[in-house]
1. Within region 1-35, track down each residue that is of a type in the set (S, T, N, Q) and touching a His at 6+ places or on another chain (Cβ under 9 Å).
2. Is region 201-220 home to any residue that is crowded, with 19+ Cβ neighbours inside 10 Å, at pLDDT below 95 and part of a loop (DSSP other than H, G, I, E, B)?
3. Regarding region 466-476, can at least one residue be identified that is free of Cβ contacts under 8 Å to residues at least 40 places away in the same chain and either within 16 Å of the ligand (Cβ to nearest atom) or basic (K, R) (or both)?
4. Give region 510-531 a look and list any residue that's of a type in the set (G, A, S), outside any helix (DSSP H, G or I) and surrounded by 22 or more Cβ atoms within 10 Å (Cβ to Cβ), or say none.
5. Any residue that is closer than 14 Å to G461 by Cα, of a type outside the set (D, E), surrounded by fewer than 19 Cβ atoms within 10 Å (Cβ to Cβ) and touching a Leu at 6+ places or on another chain (Cβ under 8 Å) - is there at least one of those in region 487-496?
6. Return a yes/no flag: does region 42-50 have any residue that is assigned to a helix (DSSP H, G or I), under 29 Å from the mean Cα position of the chain (by Cα) and either modelled with pLDDT of 90 or more or surrounded by 16 or more Cβ atoms within 10 Å (Cβ to Cβ) (or both).
7. Within the bounds of region 258-268, is there any residue that is under 30 Å from S426 (Cα atoms), within 16 Å of the ligand (Cβ to nearest atom) and touching a Cys at 6+ places or on another chain (Cβ under 6 Å)?
8. Select, from L565, L560, L586, the only residue that is crowded, with 24+ Cβ neighbours inside 10 Å and either within 16 Å of the ligand (Cβ to nearest atom) or modelled with pLDDT under 95 (or both).
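The values are calculated or read from the model by the stated rules, or taken from the named source; none is laboratory data. No experiment lies behind these values; they were computed from the predicted model shown. Cβ sites come from the backbone with ideal geometry, for glycine too, and all protein chains shown count toward neighbours.
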Amino acid sequence: MCGIFGMIGNSAVGQTLTALKRLEYRGYDSAGIAVKTGNEISIYKQAGRMEQLQAIVPNGLDSTTVIGHTRWATHGEVSTANAHPFFSFNKRFAIVHNGIIENYQSLKNELTLRGISFASQTDSETVAHLVEANYKDDVFEAVKITAKSLEGSFAIVITDTVDGNLYAIKNKSPLVVGVDGQNVYFCSDIRCLSQYAAKVAQTPDNTIVVAEKNGKVTFYDFDGNTLPVKFFEPDKTEDFVHVDGDFMLKEILEVPEKIRRSKRGYFESGGLNLSAKVVHRIKRIYFIGCGTAYNSGLQVASSAREMLDIDVVPVIASEFIYDRYPVDSDTLAFFISQSGETADTIRAAEKVASMGGITYAVTNTQTSTLRYLCNRVKNIYADGEYAVASTKAYNCQLITLTLLINDIAYLKGSIDEVTHTKIIDSVDSLSIAIETVLNCGYSISKIADEIKDSSSVFFLGRTRDYPTAEEGSLKLKEISYIHSEAYPAGELKHGTLALMEEGVTVVAIATDSALIDKMASSIAEVKARGARVICVSPYSFEDVTSIKVPVVNRYLFGALSVVPLQLLAYYVAKRLGRDVDKPRNLAKSVTVE
Ligand code: AGP
């Protein structure tokens, strides 16, 4: 996923660089800007972070027409040559792009046959040359022809050396348009616009947007027919915030307050929002997502299996798209996504919708593609999450999904009113329990000192603790770069036990009193083979390093037991000198398949 930005207005260079800094969470392999001055466009671009780009932009450079880009590499290595923006072959146009042009190779072959040479390995550069190749004497015509020739997901902004307009082409990848007086903005993420734009609009798929120097903005379909698009005032609370220090730690420390906000928001927004009639006919529930979002579905599916006597299936989105999972009108599918822009999850939602299932978005971003695609939507109210490693959004997903399942189970008569009410009330005590764990941050940082040089770290759990093991493992590996795996504790002896030796660390999560003896056996097995064991549990185990957690409602334990693991991952990564907010090779939301 990449971040794109474009604007017509005053101090455009400075505003674009600021916006790109905010968009860096979407990708930070390279960055660049194209600046129109008179009838010239100058491009400044650099592999690396925004600091490297800012170092090559001349002091005092200004313009009223600028486009910019932060890149997460898909086609082509991380290099300055592959950084955006790209010139067209005669430098009449420059472009930036987020997404994937799926038919770029055939387009590139045609352009090469016409004698056009390429400076990069990217799919995006093809678009720049295509616009100029299609240009005769009308830029808008050239943009329309180009738009119709592209296949895939794309949000493209084009700047023209001569007319001073900006043109955007959008299909599937996010593009927000902002206006403020005569200033016009294009951006991948509404939160990076809300401080500039008085009004914003989400660009529909298969749309061309033309922004003129006088601030006029017009939306067209690919045939050139104008489209009515509604502008609205951006939600300032979603505004981008700057913190001293790491976003990740700030976001972990916000968990107690955000889960209370999730519960309030759930009821303020009408609760389940499915009629009893619809609920009674539901025969199958899917929890579909990627990465941490998938792990939250895996966790709540464990509760749903206890509460409901219907099929409950957690599925990784990219598997769901290409495998055969039954869907009919009695199927309810929760699509879980912090960003609401994850391509795999969006494709899976499109598949369920096409098969007649009920699609329900559980997301942290209300102006997202997923939100508009689904029949229903629930905000998790975690507010802006900027660290690539998702933390508070995971806890808030668990609360929101548990409240949804709780209401479904109660409406279906699978649980009684006492259980139903107790789960709702338990969120407040859970929040206090999480605060107590956060107060153990110092002892967890000492454990991080002990395990930071581990050759591998295995996370073990049974039943509802296994999803927590998966999430703890993902957190650790994605920011510390230490190899890590999660395993159902009972499965280890069927092969993976062979990997246990000195230098390996095992983190055991044991919150179910009924399984203590089983967990004790798994711990003994790995200790006997030299592994160091850390245990997250309300209960005591012999001769292990313990992280004690309070007892909370059985259906909410996952939102508590993950917190020490979030902190442990953070402290290990810090000890290793990693960039915890922007770990290598990753991006905050992956908007390509
Ligand atoms: C989690 O820490 C990762 N950043 C990643 O797995 C993420 O959860 C996944 O890409 C899904 O993102 P989404 O919730 O925005 O759809």
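1. Within region 1-35, the first condition is being of a type in the set (S, T, N, Q), and the residues that meet it are 10-11, 15-16, 18, 30.
The one that is of a type in the set (S, T, N, Q) and touching a His at 6+ places or on another chain (Cβ under 9 Å): S30.
2. Scanning region 201-220, I find at least one residue that is crowded, with 19+ Cβ neighbours inside 10 Å, at pLDDT below 95 and part of a loop (DSSP other than H, G, I, E, B), so the answer is yes.
3. Yes, because at least one residue in region 466-476 is free of Cβ contacts under 8 Å to residues at least 40 places away in the same chain and either within 16 Å of the ligand (Cβ to nearest atom) or basic (K, R) (or both).
4. If the condition is that a residue be of a type in the set (G, A, S), outside any helix (DSSP H, G or I) and surrounded by 22 or more Cβ atoms within 10 Å (Cβ to Cβ), then A510, A531 are the ones that fit.
5. yes
6. The first filter runs over region 42-50 and keeps only residues assigned to a helix (DSSP H, G or I), leaving 50.
Those still in the list that are under 29 Å from the mean Cα position of the chain (by Cα) too: 50.
Adding the requirement that they be either modelled with pLDDT of 90 or more or surrounded by 16 or more Cβ atoms within 10 Å (Cβ to Cβ) (or both) leaves 50.
Yes, region 42-50 contains at least one residue that is assigned to a helix (DSSP H, G or I), under 29 Å from the mean Cα position of the chain (by Cα) and either modelled with pLDDT of 90 or more or surrounded by 16 or more Cβ atoms within 10 Å (Cβ to Cβ) (or both).
7. Yes, that holds for at least one residue.
8. When all the criteria are applied, what remains is L565.
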